[in-house]
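Here is the structure we will look at, set down as structure tokens.
The values are calculated or read from the model by the stated rules, or taken from the named source; none is laboratory data. Because the structure is a prediction, the values reported are computed rather than measured. Using ideal geometry, Cβ is built from the backbone for each residue, glycine included, and neighbour counts are taken over all protein chains shown.
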Amino acid sequence: MRPASLPGFTRGMLRGTPYPTLLPCPGARVEGMLIRPVPRAMVALKRYEGACYRLLPVRVMTARGPLRARAWIVPGFLAQR
């Protein structure tokens, strides 16, 4: 696990819930952690995130530079700022 930031996104909420999601937002940046889960953990994460969230490719910034990653994000119509 290491710190990373995701440029071009902000935190929002899954509509009608207390659960956070990522929303595209030019000029914004979300701070978080980058992990590399083992396959069994990915299965558990997919189950936890549920059917609303999609695992989408993103580019994060780390102390070592930019890296390709994936983030759980809901479609825009399911999110609210």
query = So which residues in region 26-48 are within 13 Å of the chain's Cα centre (by Cα) and either closer than 16 Å to residue 76 by Cα or of a type in the set (Val, Ile, Thr) (or both)?
reply = 30, 35
message = So the check is Cβ under 6 Å with 6+ separation or different chains; which pairs have a first residue in region 11-36 that's within 14 Å of residue 53 (Cβ to Cβ) and a second one that's among the hydrophobic types (A, V, I, L, M, F, W, C) and in a loop (DSSP other than H, G, I, E, B)?
response = 14/74; 21/74
query = Just to be sure, is residue 17 β-branched (Val, Ile, Thr), more than 24 Å from residue 1 (Cβ to Cβ) and out of contact with any Cys (no Cβ under 7 Å at 6 or more places or on another chain)?
reply = yes
note = Going through region 1-30 in order, the residues found to be polar (S, T, N, Q) and surrounded by 14 or more Cβ atoms within 10 Å (Cβ to Cβ) are 10, 21
Residue satisfying all of: in region 26-81; in a helix (DSSP H, G or I) and among the small types (Gly, Ala, Ser); farthest from residue 1 (Cα to Cα) among these = 76
query = What number of residues within region 31-60 satisfy the criterion of being in contact with a strand residue (DSSP E or B) (Cβ under 9 Å, 6 or more places away or on another chain), surrounded by fewer than 16 Cβ atoms within 10 Å (Cβ to Cβ) and aliphatic (A, V, I, L, M)?
reply = 6
query = With (1) modelled with pLDDT under 95; (2) surrounded by fewer than 11 Cβ atoms within 10 Å (Cβ to Cβ); (3) of a type in the set (A, V, I, L, M) as the list, and residue 73 as the residue in question, which single condition is left unmet?
reply = (2)
inquiry  = If I ask for residues that are in contact with a helix residue (DSSP H, G or I) (Cβ under 7 Å, 6 or more places away or on another chain) and within 20 Å of residue 81 (Cα to Cα), which ones from region 24-53 would you list?
reply    = 52
